[in-house]
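These notes concern the structure reproduced below.
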Amino acid sequence: MPTSFFTGTDYALSLPMILLSLFGLGVLIIDLMLPAEWKRWNAITALIGLGFSTAAVMRIQLGHFADGRPLVGSFAYLSNVGGQVVGSVLMDGFSIYFFYLFLLGAAIAILMSAHYLEIEHEHHGEFYALILFSVVGMMCMASGYDLVLLFIGLELMAISTYVLVGFLRRDKRSNEAALKYLLLGAFSSGIFAYGLSLLYGLSGSTNLQVIAQALQRHYSANPKDPIAIVAMITTATGLLFKVAAVPFHQWAPDAYEGAPTSVTGYMSVAVKSAAWAMLLRIFLWGLYPLRPVYLPLLVFVSVATMTVGNFAALSQNNLKRLLAYSSISHVGYMLLGLIASDNITNKTGIQGILVYLLVYTFMNLGAFAVVTSLRRRDIIGDEIDDIAGLYSKAPTEAVLMLLFLLSLAGIPPLAGFYGKYFIFLSLIQTQHYVLASLAVLYAVLGLYYYMRIGSAMFMRPATDPEPVAISPGMQVALAVTAIGTVGIGILPEFFIRAAGWSLGIQQAGTSLLGFLR
Amino acid sequence: MVPLSYYLVLSAVLFACGVAGFLMKRNIITIFMCIELMLNGVNLAFVAFAAHWHRLSGQVFVFFVMVVAAAEAAVGLAIIISVFRTRETLNVDRVNLLKL
Amino acid sequence: MLHLALFSFFGAICVAGAINLLAQRHPINSALSLIVVMGSLAVEFMLLGAEFVAVIQVIIYAGAIMVLFVFTIMLLNAGEEERSAGSRIAVLLGVPALLILMGLVAWVLIRQNPASGTVAAGALPGTPPEIGRLLFRDFLLPFEITSVLILIAIMGAVVLARKEH
């Protein structure tokens, strides 16, 4: 049972969130004192904050494995194996993996944004503060084991993202994107909250473990218990809205197209990873006893998502919309991983989802970094026409974009291949052959629209002669994402083992930062 | 003594009215108010279950839902004002630059 | 008996307010009916023993959030809703679907009646000290994260709605 007061280990376990909040406040205060030309110091402060937070996460990770005993606090419990979880936070390998992912996505997004916001004349410090606070929300979503913390984290991330999407106040599309995202996001939060109320009603507690035990009792007593089924459907609806799965994907193309491009990149990567972390946490730890009930629902959603995502992307001329639909189709592939494995008998699918999210962070942010850099005087840089002839204007960028596109399509030896590989492997291991062949067919279809962009870059002449300027921050962002995409493709073992470690898969290997046990 | 199911029916009715209003209404502010109605239905469900299980955590969740509703209302109305400034209309059918 | 009577009376007011919110065409009328819904919900909370929640429902939800809505409606001078073809179809399909859905839900829930038990008025001490004890011990981290949430709401509203300089 939890003790009643805040202990030292609670402080250590919540240090990443505390540091990010402090640095967010610091950015807000510094912004008041900075003159207009020095606004990029906001970005640098935010990056320093992300660095401190990463150090705090590393301290938690090493602190756990240094003496082998889990850290127990009054509201948090650090554990890598089963056992009774008390308190609202479960800081296991799963959480730590996602914490690194969020920090990485936020850092690359901040690097991409500085020059872009200067061009748009909206270079306010609040942007960086909002990114830092949204990472705090994401951390709550990934490590939360209590419905209250999950809900608050979700709303914190969502509300900061609503503001980020609408950040270009004079742009009509940005306003409209923020409005649509807000309305549908609030609607899905309402449905999700209703599902949470029913889960609370079935179990009397907001702790996921107690809920799982209560659902086990209800399900074995009556497999057609209507309240449990309605609870599962409404909770799943809310979660699938956040990941933009079909038929709840309507907000994604509009929000992605209207938002500032660096925010779109951030949304498609970090916000999606956080939504996936919460989805996996609830489906695998909380709603696990209802797995036979939600599996058909997931199969339907996954097939529909892959279909709509791939076919809609075929006809798009707007780069951001095309990448939005491709993003939707990637969610379809990841759902297959959840269908295939249940984290108890088979963990390959979940490992595949984690690896997929990691490589997706690199390659999608890289693609959006290239699209962001297309924004120059008088040209928004959204359409395929704007990227035409990029090879003649900025050859490095064009080659990097080609790498990112090939990786998104899943071509070996680039990183995207390993994401899809593990998911297909898990499907075959659990004998879902039809789903596996369907997924492979859709992946081949995806190659077509990625190559449309590629051919526009290399084969078509440029539509305007203005050169593409790349700021230093953007150069670093492109370098990091490119190294990640190619590096993970060539040397994937470290990252695959990291994903396996976070799920508790025992693997042999030398000790390196405690990832490999 | 009122059966728990009566409270749940009332909560479900409010929630369903909110969902129906969200899908049917055309004025942006009214759509937003329907979301608030949905959250009120959720609040009633939480308090009813809290009374049924004799635990207070349901009421604490209501507290958090209210804070979230307040934050969402603040940001949502700011976005609506921002949209209105560029568009002069509050009809959701007219706010449609982003087409398929 | 009194409990059932009070529940039914205020429950009827809630449902009437909700339906009125949907039926009215001017948003200010919808806002006022939503305030009525929230007020009667506060009484329902009181009947369930949640005194603190009932009070903050009136103070925060009806007293602050709805005032913000009314203020915005008046500021933007929103007019009556127009009837378009789309909205007529939505109403024609939506209202029967809603009634069927609610009938289904009510039937399922009331059939489960024997298993659910009853709720007595004032059974639970929902007073501020008890809730405070939970907020500052078991739910301390969400409580502190909530303060960050309020900060970004304030910051976001200012960033989005302030005048250009």
*Tell me, what HN-Hα J-couplings in whole Hz come from the Karplus equation 6.51 cos²θ - 1.76 cosθ + 1.60 at θ = phi - 60° for each residue of the range B:58-68, using x for Gly and Pro?*
x, 5, 5, 4, 4, 4, 5, 4, 5, 4, 4
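Is the shape of the range A:426-479 best called rounded, prolate or oblate, per the rule: a/c under 1.5 gives rounded, else a/b larger than b/c gives prolate, else oblate, with a ≥ b ≥ c the square roots of the Cα gyration tensor eigenvalues? Could you put the intermediate results ahead of the total?
Working: a/c = 7.54, a/b = 2.09, b/c = 3.61.
Note, shape of the range A:426-479 comes out oblate.
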_If you consider only alpha-carbon coordinates, what radius of gyration and Dmax does the range C:1-83 have, in Å?_
14.4, 47
*Mean separation of Cα pairs under 8 Å and 6+ residues apart, divided by the residue count of chain C: what relative contact order is that in percent?*
24 percent
*Compare B:Val13, A:Val135 by solvent-accessible area with a 1.4 Å probe and give them largest first, with all protein chains kept in place.*
B:Val13, A:Val135
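How long is the gain from A:Phe494 to A:Arg170 if the chain were fully straight, where each residue apart is worth 0.36 nm and the alpha carbon distance is subtracted? Show your work: numbers first, answer last.
On the way: separation 324, 0.36 × 324 = 116.64 nm, distance 4.53 nm.
Between A:Phe494 and A:Arg170, full extension yields 112.1 nm more.
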*Roll a 1.4 Å probe over the protein heavy atoms and report the accessible area of C:Phe10 in Å², nearest 10.*
40 Å²
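So if R0 is 51 Å, what FRET efficiency would B:His54 and B:Leu23 give, r being the distance between their Cβ atoms, rounded to the nearest 0.05? Before the final figure, lay out the partial values.
On the way: r = 37 Å, r/R0 = 0.72.
FRET efficiency, B:His54 to B:Leu23: 0.85.
From the P(r) of chain C, could you give the percentage of C-alpha pairs in the tail past 25 Å? Present the calculation step by step, with values, prior to reporting the outcome.
Values: 7366 of 13530 pairs.
Of all Cα-Cα pairs in chain C, 54 percent lie more than 25 Å apart.
Checking understanding here: applying a Kyte-Doolittle mean of at least 0.5 and a length along the axis of at least 18 Å (C-alpha), which whole DSSP H helices in chain C pass?
Span-like helices, by this rule, are C:2-23, C:27-47, C:85-111, C:140-161.
Net charge near A:Gly332: determine it from the other residues with C-beta under 14 Å of the C-beta of A:Gly332, scoring Lys and Arg +1 and Asp and Glu -1. Don't skip to the end; give the middle numbers.
On the way: positive: A:Lys272, A:Lys420; negative: none.
With Lys, Arg at +1 and Asp, Glu at -1, the net is +2.
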*A:Val210 versus C:Ile110, label points 7 Å from Cα toward the beta carbon: distance in nm?*
3.2 nm
*Provide the net charge surrounding A:Phe151, with neighbours chosen by a C-beta distance below 14 Å and charges set as Lys +1, Arg +1, Asp -1, Glu -1.*
-1
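Counting only protein chains, not ligands or nucleic acids, how are A:Lys242, A:Lys347, C:Lys163, A:Lys272 ordered by accessible area (probe 1.4 Å), most first? Intermediate results must be reported in sequence, preceding the final value.
Numbers: A:Lys242 30, A:Lys347 55, C:Lys163 160, A:Lys272 5 Å².
Per-residue accessible area, sorted high to low, gives C:Lys163, A:Lys347, A:Lys242, A:Lys272.
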*Using only protein heavy atoms and a 1.4 Å probe, report how much of B:His54 is accessible, in Å² to the nearest 10.*
110 Å²
*Have a look at the protein assembly as shown and give its Rg and Dmax from the Cα atoms, expressed in angstrom.*
25.3, 83
*About the Cα centre of the protein assembly as shown, what is the dipole size in debye to 20, counting +1 per Lys and Arg Cβ and -1 per Asp and Glu Cβ, all else neutral?*
840 debye
*What does the accessible area of C:Arg88 come to, in Å² to the nearest 10, when a probe of 1.4 Å is used?*
140 Å²
*Between C:Ile154 and C:Phe71, with labels modelled 7 Å along Cα→Cβ, what's the label distance in nm to one decimal, could you check?*
1.4 nm
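Note down the net charge around A:Met278, summing +1 for each Lys or Arg and -1 for each Asp or Glu among other residues with Cβ under 13 Å from its Cβ. Working shown, then result.
Numbers: positive: A:Lys242, A:Lys272, A:Arg281; negative: A:Asp146, A:Glu155.
Taking every other residue near A:Met278 into account, the sum is +1.
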*At A:Met33 and A:Val444, where each label point lies 7 Å from the Cα along Cα→Cβ, what is the point-to-point distance in nanometres?*
6.2 nm
*Take peptide A:315-322, look around each residue's Cβ out to 10 angstrom, count Cβ atoms belonging to other protein chains, and average those counts.*
1
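The values are calculated or read from the model by the stated rules, or taken from the named source; none is laboratory data. Everything numeric here is computed off the predicted structure, so don't read it as measured data. Using ideal geometry, Cβ is built from the backbone for each residue, glycine included, and neighbour counts are taken over all protein chains shown. Areas reflect the complete protein model, heavy atoms only, side chains present, ligands, DNA and RNA absent. Shrake-Rupley method; radii C 1.70, N 1.55, O 1.52, S 1.80 Å.
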